[in-house]
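Data first, discussion second: the structure below is written as C-alpha cells.
The values are calculated or read from the model by the stated rules, or taken from the named source; none is laboratory data. Bear in mind that the values here come from a model prediction, so they are computed numbers and not experimental data. Quick reminder, even Gly has a Cβ in these numbers, built from the backbone with ideal geometry, and neighbours come from all protein chains shown.
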Amino acid sequence: MTIAWNQYDPAKFFDELYASKGTPRDSSKPLIDYLQQLSVDEVASRKAAADLTIREMGVSFTVYTEEGNIDRAWPFDIIPRTIDKKQWDVISQGLEQRLQALNLFIDDLYHDQKIIKDGIIPEFVLKQSKNYRKECEGFSPAFGVWAHICGTDLVRDTDGEFYVLEDNLRVPSGVSYMLENRSIMKRVLPEVFETIDIVPVNDYPEQLQKMLSSLSPRKDVRPTVVVLTPGIFNSAYFEHAFLAQQMGAELVEGSDLVVQDDDCVYMKTIAGLERVDVVYRRIDDLFLDPEVFNADSVLGVPGLMRAWRAGNVALANAPGAGVADDKVVYAYVPEVIKYYLDQEPIIPNVETYLCYEPKQCDYVLANLDKLVVKPANESGGYGMLVGPHSTKKEREAFAQLIKKDPRNYIAQPTLGLSTAPTLVGKEDLEPRHLDLRPFILQGQNSYVTKGGLTRVAMNKGSLVVNSSQGGGSKDTWIVDFEGATK
Amino acid sequence: MLSRVAERIYWSSRYIERVECTVRMLSIYDNLLFDLPRNVVLSWYNLIKINSLEKDFAERYTVQDERNVVKFMLGDDTNPSSVISSLHWLRENIRTTRDMMLEETWELTNELSIYVQENLKKGINRSQRHEFLNEIIKGCLQIQGLLYSNMPTDAPWLFLKLGRYLERADMTTRNLDAGVAAIMETKEDEFAVNSRQIILGNVLRSLNADQAYRRLTKAAVHSRDVMDFLVESPVLPRALNHCLANMIDSAEQLPCSEPLLQELYATREQVLNNANYDRIDNQFRDYLNDVQLALNHLHLTISATWFPQPE
C-alpha cells in the first residue's frame, strides 16, 4: 500500500509542491516520483527515524508554561519543501538589496536623519520607536553596517508571489534548525540526495564566522569571537550552543565577561583574563549593559556599551539596529530602498495599513474581521489578531487597543499563505500553511542562506507558524535543474 | 578556555565516571549474591553505606531490601548519586559545553539517557538486570572511547582527565571500603576463607582488575596483596596511585597549577606511605576515609584555582 500522492489536493491555495490536484510542479516532480514508490510502512519508518534522530541530536526548543519550562522536541515533517534555484536566485538578490537599504537607513537615523529631513518618513515614527537608542547616535560601526544578521520572513500568497512579511533585525533565531533539518533529511531520505541536485546549506556557520571576524577592531591578531547567550533557560539556547560549536567560538554568558578600566572586554578563562574582539550577542538591547539600559539585568555585561562606543569591541547586531524592525518602518521599506539605492524593490511588501493615518485607521476598524492586526514591536506571533479566526469580543478589544495607541498598530490583509503536503497520522497527506525565513548576513559583503527555515502551521487551517504556538518545520530544498544532473 | 566551561567539563567527566562505577558496583553485587554461602549475610544496603547515602535513603524508604536499594541507586531522581540523576547532570553539562566537546558526545549522551529512561524497569527486575546494566556500561565506554580517540589534548581534555581520575579514585576507595566491610562481616568459621576469596574477587572485578591482578602479581587472592595492588599499582587504571599520577600529569600542563600540584604530591605520599596492608580491619577503613577526605580537598583546590568564584 502506498500513500495517495496523486489524490493530494491543495484546493484554492498556492501549493509549493503541487500545481493542481495530483499534479506535482516541475521542481518537486523527482521528489514526488521517489516518495510514491515508498509503502505506507516505509514512510512511517522514515518518519520514526526522523523523530528518533531529532531526540538523539537533542534538537529542542524551550516552551514557557505555567508548570515551568518544557524542553520540547522539534516538530518536523519529513516531506521537504522545494524551490527552483532560478527563482531563488532572484529572491536572494532581493534580500541582499533589502538589508543593504535597511543598514543605510539605520546609519542615517543615527547620524544626519536625511530621510526624515527629505520628508520620506515622518519624524514621529522615529520619535516613538521603542527600539530607537539615543545612546547610539553618532556612532559609526565597521562598514556602516548595524544589522549584520537578519532573518526576513517571506510568504507566498494565493498568486504564488513571494512577499516580505517582516524583517527581524534584533536577534533573529532559527538558522540552527535550518541546518539540523538538512542533517535529519540526509539520514532519512539519503537516496534522494543522489539523484536530485539540492543546493547545500552548511556553509552558513563559516560565512557567519568570517563575517563576525571581519568586524574585529584589532587587525593585527586573529580575533576572539564569542556568542553571548542569556543562558540555558532561553528558548534559543540550543541554537546559541550549536552556532558557537559550528564556528569554533566560545559560548559565553554575561558573567563570563568583564569590562576593565581600559574599556576593553575580557573573558574569564582558566589562565586569567583574555581580550574579546567580537561579540555575537543573542541578548536584547535592553539587557546588554546594566550601566546603560535595564539596571537590573543580570544577563548583560556592565560597561559593554562603553567598550563598544570606544571602538574596542564589535557587537553584532549593533545596539539600536532594531529601530528598523518596527512594523511601521516596515511599511516604508519600499521607499527606503528607492531613497538610498535608487532601485525598485525586488521583493514586494505585503500591503500594510498604518493605523496612525486616520483614513487607513478607519478602514482597519471597519474591516477587522478580514485583516491581520499586529503590534509594531512584538515578535514571535504574540499579541496579534487574525481577523477571520477571531471572535467579536477579541475584535472589540483590539479596536480599543488601536484607538488608544494607533502608532503601535499595523494591519494587513489576511493572506492565503501557500501550502505544502504534510504527513498527517500514518498515511494521510494534507495541505498545511507555511512561510520561509531566510537569513541574510552583511559585513563587508553580503550572503544569503540557500533557502532558509520553512516553518509550518501543523494544525489544520492554522496560519500561525511560530514554534511557541504549534508550529513545526520542513527542510527547504533549493533544487538546481540546470546544474549537472547526477 | 572559560572558567565556567572548564568547571562543566570537569563535572561532565565526573558524572560519566560516576554512572559507570555505580553500574559496575550494582552488577558486581548482583553476582556476589549468587556466589556467597548462604550463612554469609551480605546486605544490599551496604551499597547505600559505601556511597554515604544513608540519610537520603532513609528519607525515601524504610525497608532496606534489594528492590529498594536498586531502585534508589538506578532510577531515583531524588538521589543525587543515582544513575538517572548523574545522567541528567551529565546531559546538562554537555549541553552547556557543546562548543568545547566533540559534537558526537552530545548525541551519544542523549542516546544513553533515552535508553536508561525507557528501560528502567529492566534494571529493577532481576531477570533482565544484567543486560540492562551492561548496556549502560557500553554506553559509557562509547562516550569515553570517543573522547579518548578524538579529543585534542589541550585544556578541555586536561579538565576531563582531572574530573575522571578524581571521581575514579574516590570510587576506588569506596569499593575497597565495601570490600573491607564485607570481609569484616564474615564469621570466623569453616566458610570464612572461601567467603573472603569471593568478596575480594568481586572487589577486583568491580574495578576491572581481576585479570590484571593475576597477570601482574602472579599471587593468589589474599586481602593483603589485593589491597596493595589496588592502592599502589602504577599501571592499573583504577588504582589510587595511577589515578593520582594522571591528575599530576594533567595539572602540570595547566596554568596556575602550582598549589594544586603541591597538594597532589602530598596526597600521593599519604596514599603510598600510610597504608598498612597487614591489618585489613577498621584501621584500614580509617585510612581509606582519610584518603577520601584528601580527595575532597583536592576538588576544593581545583575549584578555587580555575572555576568561577561566587562574587
Practice problem: Scan region B:232-283 residue by residue and report those that are in a helix (DSSP H, G or I), within 14 Å of chain A (Cβ to nearest Cβ) and buried (at least 18 other Cβ atoms within 10 Å of the Cβ). | Solution: B:250, B:251, B:260
Quiz item: When region A:260-284 is examined, which residues are found to be without any contact (Cβ under 8 Å) to a residue 60 or more places away in the chain and away from chain B (no Cβ under 13 Å)?
Solution: A:260, A:261, A:262, A:263, A:264, A:265, A:275, A:279
Practice problem: Residues being among the hydroxyl-bearing types (Ser, Thr, Tyr), modelled with pLDDT of 75 or more and within 17 Å of the chain's Cα centre (by Cα): count how many of those fall in region A:459-486. | Solution: 2
Quiz prompt | Failed condition for residue B:118, given (1) over 30 Å from residue B:188 (Cα atoms); (2) of a type in the set (Asp, Glu); (3) more than 14 Å from chain A (Cβ to nearest Cβ) | solution = (3)
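Conditions tested, residue by residue: (1) more than 30 Å from residue A:224 (Cα to Cα); (2) within 14 Å of another protein chain (Cβ to nearest Cβ); (3) of a type in the set (Phe, Trp, Tyr).
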| position | (1), (2), (3) |
| --- | --- |
| B:23 | yes, no, no |
| B:29 | yes, no, yes |
| B:64 | yes, no, no |
| B:69 | yes, no, no |
| B:81 | yes, no, no |
| B:86 | yes, no, no |
| B:98 | no, yes, no |
| B:105 | no, yes, no |
| B:114 | yes, yes, no |
Quiz item: With region A:168-232 as the region, which helices (runs of 4 or more DSSP H) entirely inside it contain at least 2 residues that are within 14 Å of chain B (Cβ to nearest Cβ)?
Solution: A:175-188, A:204-214
Quiz item: Of the conditions (1) more than 25 Å from residue A:175 (Cα to Cα); (2) crowded, with 23+ Cβ neighbours inside 10 Å; (3) facing chain B (nearest Cβ under 9 Å), residue A:257 fails just one. Which one is it?
Solution: (3)
Practice problem: Give the residues of region B:110-159 that are surrounded by fewer than 18 Cβ atoms within 10 Å (Cβ to Cβ), among the small types (Gly, Ala, Ser) and within 19 Å of the chain's Cα centre (by Cα), sorted by residue number. | Solution: B:145
Quiz item: Among the candidates B:255, B:237, which residue alone is over 22 Å from residue B:177 (Cβ atoms) and not β-branched (Val, Ile, Thr)?
Solution: B:255
Quiz item: Quick one: is residue B:56 assigned to a helix (DSSP H, G or I), of a type in the set (Asp, Glu) and in contact with a Ser or Thr (Cβ under 8 Å, 6 or more places away or on another chain)?
Solution: yes
